[in-house]
Amino acid sequence: MLSRRATGILERSAWGGPGRLTGIHRAEATVPDEDRYLAHLCGLADNPNLPGHLLDKLVAVTSGELDTGPDLFGAPTLDMSDLADAPVIETVAETMARRTDLPEATYEQLVTDDRLWVRLYLSRNPAVPEHLLWTLANDRAVRPELAWNPTVPLKLLSDIAVSVKLPHVLLPRIASANRAELRLLASSRAWQIRALVAPHTGLPRDVISRLVADPEPRVVHALVAAKNPHCSPALLHDLVQRAGSTSPQVAQHPNTEADTLMLCLRTQPARRHAARHPNLPSEVITDLLDDPDLLVAEAAAANPALPTKIMEAVLAEAH
């Protein structure tokens with residue numbers, strides 16, 4: 001098994017053997033060795049630090065010499081041959097709803113269209129007049145799409161934020177907001193509106209200080225989810241301790257340090273993210289190659305901090 005080979009290499013290495021995840025509960029691995037090996041190969045294929053000679057070997061090993069069988073993670077294999085020549089049908093109204101060069105009267109007609117896709121395209125169209133965006137906002141089916149319109153009024157965007165769950169990403173209108181607008185949003189009484197500015201990487205220093213100290217954890221959570229570089233290692237560690245639900249996002253932040261990542265490994269949704277983080281100790285990464293969750297094992301193999309000797313041990317399974 002890979003674990004024995006990897007362990008043997010580690011025991012002969014300078015740092016004396018694989019570490020065990022102290023305080024982290026793990027079930028015994030029950031997946032077949034072949035599936036685990038393929039998960040490791042997938043991870044190595046995505047590992048930016050895989051040396052050239054091992055990359056060549058990986059290509060050789062996977063170029064028809066292995067029969068991988070069904071998809072490793074259970075995704076169905078679809079025969080698309082019957083659909084290859086199927087045309088993509090789009091109505092005239094849908095095509096027009098995406099255009100940015102139409103008269104206002106045409107947009108007014110399209111807003112009343114009964115077809116959902118027409119109204120969805122209109123919601124993101126930056127050429128649609130502001131008063132029509134407010135009209136579209138009354139339609140619950142398309143209201144969330146308006147948040148992605150680069151010309152949506154900040155007042156409307158704020159209304160949407162408190163009524164619809166938006167992802168923690170930089171929205172186009174926030175990206176183009178000036179400093180006065182960013183300060184206005186960051187001072188809102190509604191945490192959802194304050195969270196809107198969290199993904200912005202060019203925030204004024206006073207706004208950053210306000211958001212980092214925000215009394216609503218979900219605002220700080222938004223900062224972390226957006227991988228805002230102003231999140232310090234201490235802030236990330238404290239956040240995991242105060243709100244374990246933030247572990248998946250903290251585990252993906254580049255500023256997260258080893259002790260915080262070890263805490264993240266205790267939360268199942270965060271394990272595969274922590275396993276891929278380069279700040280995780282190399283002996284822990286190696287131990288995670290044997291994790292019963294193949295997504296975690298693959299992430300560990302993809303970790304750039306995985307020792308080269310262990311990469312060699314993984315590829316030695318081809319013999």
### Members of segment 302-313 found to be in a helix (DSSP H, G or I) and aliphatic (A, V, I, L, M), listed by number
Ala302, Ile310, Met311, Ala313
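Go through Ser232, Ser247 for me and flag whichever is among the hydroxyl-bearing types (Ser, Thr, Tyr) and surrounded by 18 or more Cβ atoms within 10 Å (Cβ to Cβ).
Going through Ser232, Ser247 in turn, just one is among the hydroxyl-bearing types (Ser, Thr, Tyr) and surrounded by 18 or more Cβ atoms within 10 Å (Cβ to Cβ): Ser247.
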### Query
How many residues, within segment 228-273, are in a loop (DSSP other than H, G, I, E, B) and of a type in the set (D, E, K, R)?
2
### Task
Specify the residue that is nearest to Thr308 (Cα to Cα); the eligible residues are those in segment 39-50 that are out of contact with any Asp or Glu (no Cβ under 9 Å at 6 or more places or on another chain) and surrounded by fewer than 18 Cβ atoms within 10 Å (Cβ to Cβ).
Asn49
### Task
Check segment 79-91 and report whether any residue there is part of a loop (DSSP other than H, G, I, E, B), farther than 30 Å from Glu317 by Cβ, at pLDDT 50 or above and not small (Gly, Ala, Ser).
yes
### Query
Only one residue in Ala302, Ala313, Ala270, Ala243 is touching an Asp or Glu at 6+ places or on another chain (Cβ under 9 Å) and not acidic (Asp, Glu), so which one is that?
Ala302
### Query
Could you say which residue among Leu156, Leu203 is crowded, with 18+ Cβ neighbours inside 10 Å and in a loop (DSSP other than H, G, I, E, B)?
Leu203
### Task
For residues that are in contact with a helix residue (DSSP H, G or I) (Cβ under 7 Å, 6 or more places away or on another chain) and in contact (Cβ under 8 Å) with a residue 60 or more places away in the chain, scanning just segment 265-282, find the one that is nearest to Ile310 (Cα to Cα).
Pro281
### Query
Across segment 111-153, what is the number of residues that are of a type in the set (A, V, I, L, M, F, W, C), farther than 21 Å from Ala195 by Cα and surrounded by 16 or more Cβ atoms within 10 Å (Cβ to Cβ)?
9
### Query
Which one of the conditions (1) at pLDDT below 95; (2) within 11 Å of His40 (Cα to Cα) does Glu312 fail to meet, given that it meets all the rest?
(2)
#### Entry: The lone exception for Ser176 - which of (1) surrounded by 14 or more Cβ atoms within 10 Å (Cβ to Cβ); (2) without any contact (Cβ under 8 Å) to a residue 40 or more places away in the chain; (3) more than 15 Å from Arg143 (Cβ to Cβ) it fails
(1)
### Query
What are the residues in segment 287-301 that are crowded, with 22+ Cβ neighbours inside 10 Å and either in a helix (DSSP H, G or I) or within 18 Å of the chain's Cα centre (by Cα) (or both), if any?
Asp287, Leu288, Val296, Ala297, Glu298, Ala299, Ala300, Ala301
### Query
Of the numbered conditions (1) under 20 Å from Ser247 (Cα atoms); (2) touching a Leu at 6+ places or on another chain (Cβ under 7 Å); (3) not hydroxyl-bearing (Ser, Thr, Tyr), Leu315 satisfies every one except a single condition; which is it?
(1)
### Message
Please determine whether any residue of segment 235-245 is among the aliphatic types (A, V, I, L, M) and either out of contact with any helix residue (DSSP H, G or I) (no Cβ under 8 Å at 6 or more places or on another chain) or under 24 Å from Thr135 (Cα atoms) (or both).
### Response
no
### Query
Could you say whether any residue in segment 163-173 is surrounded by 14 or more Cβ atoms within 10 Å (Cβ to Cβ) and among the charged types (D, E, K, R)?
yes
### Task
Please go through segment 109-129 and pick out each residue that is modelled with pLDDT of 90 or more and part of a helix (DSSP H, G or I).
Val111, Leu116, Trp117, Arg119, Leu120, Tyr121, Leu122, Ser123, Arg124
### Task
Return the total of residues in segment 251-264 being free of Cβ contacts under 8 Å to residues at least 24 places away in the same chain and among the charged types (D, E, K, R).
1
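Given the residues Glu257, Glu312, Glu317, Glu298, which is the only one that is in contact with a Gly (Cβ under 6 Å, 6 or more places away or on another chain) and charged (D, E, K, R)?
Values: Glu257 fails: in contact with a Gly (Cβ under 6 Å, 6 or more places away or on another chain); Glu312 fails: in contact with a Gly (Cβ under 6 Å, 6 or more places away or on another chain); Glu317 fails: in contact with a Gly (Cβ under 6 Å, 6 or more places away or on another chain).
That would be Glu298, the only listed residue that is in contact with a Gly (Cβ under 6 Å, 6 or more places away or on another chain) and charged (D, E, K, R).
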#### Entry: Qualifying positions in segment 274-286 - crowded, with 23+ Cβ neighbours inside 10 Å and either at pLDDT below 95 or in a helix (DSSP H, G or I) (or both)
Ala274, Ala275, Arg276, Val284, Ile285, Thr286
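The values are calculated or read from the model by the stated rules, or taken from the named source; none is laboratory data. On a predicted model such as this, the values are computed, not experimentally measured, just so you know. Glycine also receives a Cβ, built like all others from the backbone with ideal geometry; neighbour counts cover every protein chain displayed.
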